[in-house]
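Undergrad: Let me give you the structure first, and then I'll get to my questions.
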Amino acid sequence: MTLKNLALGFLVAAALIAPCLAHADTTVVRERFSDEIVGQGPDLIFIPGLASSRDTWKATAERLKAHYRVHLIQVAGFAGESARGNAGGAVVVPTAEAIDAYLVEQHLTPATVIGHSLGGTMTLYLGERHPEHLKKAMLVDALPFFATLMMGPAATVDSVKPMAEQVRAGKDQMSDAQRDQMMRSMATAPTDLAMIKGWSAASDRGVVANAIADDMTLDLRPGLAKLTTPIVLLHPDYSTLGSPPGVSDQMYKSVYAAAPAVKVIEIAPSLHFIMLDQPAKFDAALDAFLAQ
């Protein structure tokens, strides 16, 4: 298995950055992340994925801000955000812990958290490590152990460590063709792909490399059975890339089979950024989740 196989899971580079959500009520800047807060009402916390902007949730925030106080997290070092405390060393767990501390300090617990991709991994981490701080959570296309995408269900932290360390050292090499193939799994619309590429191009390469390596070696599978936080997982079907009907749903349900607290829902047809590919279906699933 070479580092080129990482192409399935990464966001990469090259376009224009989408404008930030306008007219924010306030923005709180911390060492590991910032929080742009809009609207009034019950608090909702949204965490975007690897090398992604808070504008992942822009349309969602605009729709919800009349009835909710929406917290749009952005990880330091991603999508043009200064690296600050993430400039060196581990990213994923320290950032998740910093978000948890912030939720407690700001009296936002027990919190409702929605996380996409790596943001979903952080959310799952919080559900396992700090269940008393979460009311409920939604994960959008997130896995408990990212390395299984590259090495299959038999992957272990030890088996993936050498590859992860090469990534951390900046030795990952992907061809343009492989980058293009990876990008095709992100979103369908060319404008959405351009936006995602722009976020990645504006991200700090060292922070992204460390976050990928962290994600590769963070195995949350052992804690799934003990989860008590109600969780909804939305996943794509990848049918536009040729995935046969039912295959994705079977895979995600298998991955989360040990977690009775996790409800798995497929959104079809869609790719990795479900909220961009299927906004109406995503909105309906989110509303149902919030109503529970």
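Each reported figure results from applying straightforward, stated rules to the coordinates on display, with no laboratory input. A quick note: this is a predicted structure, and the numbers were derived from the prediction, not measured. All Cβ positions, even for glycine, are placed from backbone atoms using ideal geometry, and neighbour counts span all protein chains on display.
Undergrad: Among H107, G246, G85, which residue has its Cα positioned farthest towards the positive end of the charge dipole of the chain, with +1 placed on the Cβ of Lys and Arg, -1 on the Cβ of Asp and Glu, and the dipole taken about the Cα centre?
TA: With unit charges placed on the Cβ atoms, the residue in question is G246.
Undergrad: Based on the alpha-carbon gyration tensor of the chain and its eigenvalue square roots a ≥ b ≥ c, which shape applies: rounded if a/c is under 1.5, prolate if not and a/b is larger than b/c, or oblate?
TA: Working: a/c = 1.24, a/b = 1.16, b/c = 1.06.
The shape class here is rounded.
Undergrad: Next up: Lysine pairs, Cα distance under 17 Å, 8 or more residues apart or cross-chain: how many in the chain?
TA: 13
Undergrad: By how many nm would the segment from A101 to Q181 grow when fully extended, if each residue of separation counts as 0.36 nm and the alpha-carbon distance is taken off? Walk me through the numbers before you get to the answer.
TA: Numbers: separation 80, 0.36 × 80 = 28.80 nm, distance 3.80 nm.
Extra length from A101 to Q181 when fully extended: 25.0 nm.
Undergrad: Same structure again: To check you understand DSSP bridge types, tell me what percent of the beta bridges within the chain (both residues inside) are antiparallel, rounded to 5.
TA: Working: 10 of 33 bridges.
If we restrict to bridges inside the chain, about 30 percent are antiparallel.
Undergrad: A further question on this structure: In debye, nearest 20: dipole of the range 28-82 around its Cα centre with unit charges on the Cβ of K, R (+) and D, E (-)?
TA: On the way: 7 positive and 7 negative charges, 25 e Å.
Roughly 120 debye for the range 28-82.
Undergrad: Quick one: H272, H107, H67, fewest Cβ neighbours within 10 Å first, how do they rank? Please report the intermediate quantities before stating the final value.
TA: Numbers: H272 24, H107 7, H67 13.
By the 10 Å Cβ count, ascending: H107, H67, H272.
Undergrad: To the nearest 500 deg cm²/dmol, what mean residue ellipticity at 222 nm is calculated for the chain from DSSP H runs of n ≥ 4 alone, each contributing -39,500 (n - 2.57), summed and divided by the residues? Kindly include the intermediate steps, with their values, before the conclusion.
TA: Numbers: 11 runs with 107 residues, N = 292.
For the chain, the value works out to -10500 deg cm²/dmol.
Undergrad: While we're on this one: Mind jotting down a quarter of the surface of the convex hull over the alpha carbons of the range 61-187, in square nanometres, one decimal?
TA: On the way: hull surface 40.0 nm².
Computing the convex hull of the Cα atoms and averaging its projections yields 10.0 nm².
Undergrad: Can you put E31, E105 in order of Cβ neighbours within 10 angstrom, beginning with the fewest?
TA: Details: E31 15, E105 9.
Least crowded to most crowded, the residues run E105, E31.
Undergrad: Quick one: net charge of D100's neighbours, Cβ under 15 Å, K/R +1, D/E -1?
TA: Values: positive: R30, R32, R129, K135; negative: E31, D35, D43, E97, E105, E128, E132.
In short, -3.
Undergrad: So for the pair A90, V28, with labels modelled 7 Å out along Cα→Cβ, what separation do we get in nm?
TA: Going from the A90 label point to the V28 one covers 2.3 nm.
Undergrad: Under the rule of at least 5 residues apart or a separate chain, name every residue whose amide H is placed under 5 Å from the amide H of A258.
TA: Distant-sequence amide H within range of A258: zero hits.
Undergrad: By how many nm would the segment from R129 to K171 grow when fully extended, if each residue of separation counts as 0.36 nm and the alpha-carbon distance is taken off? Show your work: numbers first, answer last.
TA: Working: separation 42, 0.36 × 42 = 15.12 nm, distance 3.17 nm.
The span from R129 to K171 would gain 11.9 nm if fully extended.
Undergrad: Name the most mobile residue of T188, T109, T56, meaning the one with the largest mean-square fluctuation, in a Gaussian network model of the chain with Cα contacts below 10 Å.
TA: T109
Undergrad: Treat every Asp and Glu Cβ in the range 56-147 as -1 and every Lys and Arg Cβ as +1, leave all other atoms uncharged, and give the resulting dipole magnitude about the Cα centre to the nearest 20 debye.
TA: Using Cβ point charges on Lys, Arg, Asp and Glu, the range 56-147 gives about 320 debye.
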